[in-house]
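Here is the structure we will look at.
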Amino acid sequence: MIYLDHNATTCSDERVVEAMLPYLQGMYGNPSSLYKLGRIARSAIDTAREQISALIDAPAAGIVFTSGGTEANAQAVANARGVGLAISTIEHPSIFENAEYHQQCFRQLQTLSVDVTGSVPLASLHRANWHAGDLASVMLANNETGVIQDVAVIAERLAEQGVNLHTDAVQALGKIPFSFRKLGVKLMSLSSHKIYGPKGCGALVVAEDFVLKPWLRGGDQEHGSRAGTENVAAIVGFGKAAELVMTEMGLREQRMLALRTRLERALRTIPGLVIFAEHAKRLPNTVQFGINGINGEMLLMQLDQRNIAVSSGSACSASSGEISPVLTAMGVEASLARSAIRVSLGKDNNETEVDQFVDILKASIAN
Ligand SMILES: Cc1ncc(COP(=O)(O)O)c(C=O)c1O
């Protein structure tokens, strides 16, 4: 199989699995237990906290482990209870569905539109109806188009108006370097399975000067911010995956960008093909395109029959034929948005796979 859907998930790195295994068997202690077995597990979690904080330049004490990016986003949104919340129109469903569900709990719920390049215009950030302590959520990189927002500048502009910023960095992690401190955000969501770590594990990163409202209650875990016995093996795996990114990111980024350039050069020769947000700053591994007159869902299934795993980019359109809200927000015409295919490359893809994908894509379109 040619796997080109790394923004959906990645295969756990064997070095990650190796690091995790002891914590499923011999070192199975509960990190809250005071005896040695418990202390070993506690120390493994602390090591993972250090590994992740080193990768993103964040305070280790500010890393709150969660069950993944979805939970981290939900917790961030829940923190806006009692204040105003503003979210961009291209956020992941775990932001916008939680925001809609909890709408009554916010002083106000606003949206931040994006322009045709998929970016939040800086001019739209100056609003008379902000109140000090409000929260905004703007993702660092989009899961469909790969568009990267200028989060540092957005955070700065919002801070001038007393507004705190949360950023969903789930897709940016491991693909581009960034510093939590330099971005100036108060909250950040991360997920392990997008960086060759295990599924069901992530983190909400909290700035030193931000008071996080408790989330799950019923225990003191994660400094009281998120109750529940920690998934020690998964956390260890997340930490190991982050450590590997530290040493391999430069090479991975370079390789993926070279492959994407090769892929895009070939895609541009296909009549009627449009690369979304082509000229915007994007993740090095992501390209989403549409082809006039083609049904994206049918094309996806044809590619699957030929052992190629790609996605439309949007969970909605994958299952129900609906149009991607991200592409809609960017003003992409409905018929073109319906033909969307997202290719997201990974660290182990190679030139042959990219060339084979293009050949099979061309043959499928011709059918
Ligand atoms: C941008 C973004 N945020 C959040 C999530 C959710 O992360 P998880 O799968 O860890 O719950 C995803 C997953 O696809 C994502 O792409």
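The values are calculated or read from the model by the stated rules, or taken from the named source; none is laboratory data. Quantities reported herein were computed from a predicted structural model and do not represent experimental measurements. Using ideal geometry, Cβ is built from the backbone for each residue, glycine included, and neighbour counts are taken over all protein chains shown. Protein only, heavy atoms only, side chains kept; ligands, DNA and RNA dropped before computing areas. Shrake-Rupley method; radii C 1.70, N 1.55, O 1.52, S 1.80 Å.
Is it true that some residue in region 208-220 is more than 16 Å from the ligand (Cβ to nearest atom) and surrounded by 24 or more Cβ atoms within 10 Å (Cβ to Cβ)?
no
Considering HIS223, HIS193, which residue is open to solvent by 30 Å² or more (accessible area, probe 1.4 Å), of a type outside the set (D, E, K, R) and within 16 Å of the ligand (Cβ to nearest atom)?
Matching residue, one of HIS223, HIS193: HIS193.
Counting only residues that are assigned to a loop (DSSP other than H, G, I, E, B) and hydrophobic (A, V, I, L, M, F, W, C), which one in region 196-207 is surrounded by the most Cβ atoms within 10 Å (Cβ to Cβ)?
CYS201
Just a yes or no: is a residue in region 65-81 closer than 19 Å to GLY162 by Cβ and among the small types (Gly, Ala, Ser)?
yes
What are the residue pairs meeting all of these: first residue in region 68-83, first residue farther than 16 Å from SER225 by Cα and more than 7 Å from the ligand (Cβ to nearest atom), second residue open to solvent by less than 10 Å² (accessible area, probe 1.4 Å) and hydrophobic (A, V, I, L, M, F, W, C), Cβ atoms under 7 Å, and 6 or more apart or on different chains?
From residues that are farther than 16 Å from SER225 by Cα and more than 7 Å from the ligand (Cβ to nearest atom), the pairs are VAL83/LEU135.
Looking at region 54-67, which of its residues are small (Gly, Ala, Ser), touching a residue at least 60 places away in the same chain (Cβ under 8 Å) and part of a helix (DSSP H, G or I)?
Across region 54-67, the qualifying residues are ALA54, ALA61, GLY62.
In region 168-185, what residues are in contact with a helix residue (DSSP H, G or I) (Cβ under 8 Å, 6 or more places away or on another chain) and not in a helix (DSSP H, G or I)?
Result: ASP168, ALA169, VAL170, LEU173, GLY174, LYS175, ILE176, PRO177, PHE178, SER179, GLY184, VAL185.
Among the residues that make up region 40-52, is at least one of them in a loop (DSSP other than H, G, I, E, B) and within 16 Å of the ligand (Cβ to nearest atom)?
Among the residues of region 40-52, not one is in a loop (DSSP other than H, G, I, E, B) and within 16 Å of the ligand (Cβ to nearest atom), which makes the answer no.
Given the options SER94, SER33, name the one that is open to solvent by less than 50 Å² (accessible area, probe 1.4 Å), assigned by TED's automatic domain parsing to the domain that holds ASN164 and assigned to a loop (DSSP other than H, G, I, E, B).
Sole residue among the options that is open to solvent by less than 50 Å² (accessible area, probe 1.4 Å), assigned by TED's automatic domain parsing to the domain that holds ASN164 and assigned to a loop (DSSP other than H, G, I, E, B): SER33.
Starting from residues that are farther than 17 Å from LEU125 by Cβ and among the hydroxyl-bearing types (Ser, Thr, Tyr), keep the ones in region 60-91 and report whichever is surrounded by the most Cβ atoms within 10 Å (Cβ to Cβ).
Filtering region 60-91 for residues that are farther than 17 Å from LEU125 by Cβ and among the hydroxyl-bearing types (Ser, Thr, Tyr), the one surrounded by the most Cβ atoms within 10 Å (Cβ to Cβ) comes out as THR66.
Return yes when LEU122 is hydrophobic (A, V, I, L, M, F, W, C), open to solvent by less than 10 Å² (accessible area, probe 1.4 Å), more than 18 Å from the chain's Cα centre (by Cα) and away from the ligand (no atom under 16 Å from the Cβ) and no when it is not.
no
So, LEU165, is that one assigned to a strand (DSSP E or B), within 11 Å of the ligand (Cβ to nearest atom) and either in contact with a Cys (Cβ under 9 Å, 6 or more places away or on another chain) or not hydroxyl-bearing (Ser, Thr, Tyr) (or both) or not?
When the stated conditions are applied, LEU165 does not pass them.
In this structure, does THR117 turn out to be hydroxyl-bearing (Ser, Thr, Tyr) and open to solvent by 10 Å² or more (accessible area, probe 1.4 Å)?
So THR117 passes the test.
Only one residue in GLY146, GLY162 is among the small types (Gly, Ala, Ser) and open to solvent by 10 Å² or more (accessible area, probe 1.4 Å), so which one is that?
Exactly one residue qualifies, and that residue is GLY162.
Select from region 97-107 the residues that are open to solvent by 10 Å² or more (accessible area, probe 1.4 Å) and out of contact with any His (no Cβ under 8 Å at 6 or more places or on another chain) and list them in ascending order.
GLU97, ASN98, GLU100, TYR101, HIS102, GLN103, GLN104, CYS105, PHE106
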